[in-house]
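Engineer: Quick one: structure below, then a few questions.
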Amino acid sequence: MKQKSKLSNFNKFLTVVLVIVLVANVIVIAKKPVPVATEGDAGTTDANALVIDEFKADTYGGVEFKTDEDVVKYYAAAFDKTKAQTKVYSDGKGNTPTWYAFLGEEDLQVQKIIIEGKENATINNLVPTIVGGLFTKGAVGLSPTASRDPAQDTDEEGKSLTTCRLTAEDVVATNVKDNGDGTITLQLQPKEVNMSHKGMDPQGNLFNTLGAIDSVVDSIQQLSWSQGTTAENCIVNYHGGYATVTIDTKSGLITTADYHMEAHIAVTHANVLVLKDKSANVLVTYDVHYPASEQYIKDNLGMTIVG
């Protein structure tokens, strides 16, 4: 059964977001709003600035961690063990696919919309409302993933995503917390990447990133460039995201996890409708919480667990 999550078409979604943002600017200009006195420049931020606590060598939950590499290896082992588990689902109509047992609940938000270096309160209120109706929530396997079906869960080169690819070289920071109940919680923050590919770079080894969006952007007839190419004018930079993962030290399985991905989109020299040579910055956050509840799976996939 074909996966219904919008992540497989996420790059198309982001392209639509960009067009909506710029078109919204046309509406706002017509209304002559008062801009918020805030200026933004995506290039002024340290993309690898820590957003989680730094690692401290110690023994947590009976497990010794000496380095970031120890944390990543422990995470990878738990990831592989958890993602190896499957369950049978049913839609009550004779379809009984075998999918990952550990599925996650999706949430996507559009924030910090900046046009020509300034935020505008009207646009910040208008665009997220429009975009919210375009994203259909699904349920996804452990990130990174391309399908709920393990047999179809592959990267763009056809290689399996059923096992962890994250390495110590991929992370800016990690940390560990002993929860005192037989579980420990790991946090991992990957290094920043532009145009990340799922399973192929630091961000893509932890999150459901988008890959190149050039061809999709080029397919939008309403969008053109006053100068330069799509690759030069459309940047999707991933940074500021992190994963928080709780693991049962006895079973070695992940019990809960939250993956917070940030895609910082910057567009320059864009032409849309009557707008010419405009720039825009948008922050898109994509969060996945594991495990998805049975009610969430029923509501969003029309499926129940039968085995």
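Engineer: Based on Cβ point charges of +1 for Lys and Arg and -1 for Asp and Glu, what charge dipole magnitude is obtained for region 64-211 about its Cα centre, in debye rounded to the nearest 20?
Structural biologist: Values: 15 positive and 22 negative charges, 76 e Å.
My answer is approximately 360 debye.
Engineer: Continuing with the same structure: Could you do me a favour and compute the accessible area per residue for region 138-266, 1.4 Å probe, result in Å²? Each step should come with its number before you reach the end.
Structural biologist: Numbers: 4780 Å² over 129 residues.
Roughly 37 Å² per residue, with all protein chains present.
Engineer: Ranked highest first by the average count of other Cβ atoms within 10 Å around their residues, in what order do 281-288, 203-210, 228-235, 47-54 fall?
Structural biologist: On the way: 281-288: 20.8, 203-210: 27.4, 228-235: 15.5, 47-54: 13.5.
Ranked by mean Cβ neighbours within 10 Å, highest first: 203-210, 281-288, 228-235, 47-54.
Engineer: Grab the other residues whose beta carbon is less than 13 angstrom from that of Asp287, score K and R as +1, D and E as -1, and report the net.
Structural biologist: Working: positive: Lys137; negative: Glu105, Glu106, Asp107, Asp258, Glu262.
Residues close to Asp287 contribute a combined charge of -4.
Engineer: Separation of region 265-307 and region 177-246 by C-alpha centroid, Å?
Structural biologist: Their Cα centres are 12 Å away from one another.
Engineer: Then there is this: If you count, for each residue, the other Cβ atoms within 10 Å and average over each peptide, how do 63-71, 141-149, 96-104 line up from highest to lowest?
Structural biologist: Working: 63-71: 16.0, 141-149: 24.0, 96-104: 20.6.
Put in order of decreasing packing, that is 141-149, 96-104, 63-71.
The values are calculated or read from the model by the stated rules, or taken from the named source; none is laboratory data. This one's a predicted model, so the numbers in the text were calculated from it and none came from an experiment. Ideal geometry is used to build each Cβ from the backbone, glycine not excepted, and the neighbour counts take in all protein chains shown. The protein model used for the area step is the full one, side chains on, heavy atoms only, and it has no ligands, DNA or RNA in it. Shrake-Rupley method; radii C 1.70, N 1.55, O 1.52, S 1.80 Å.
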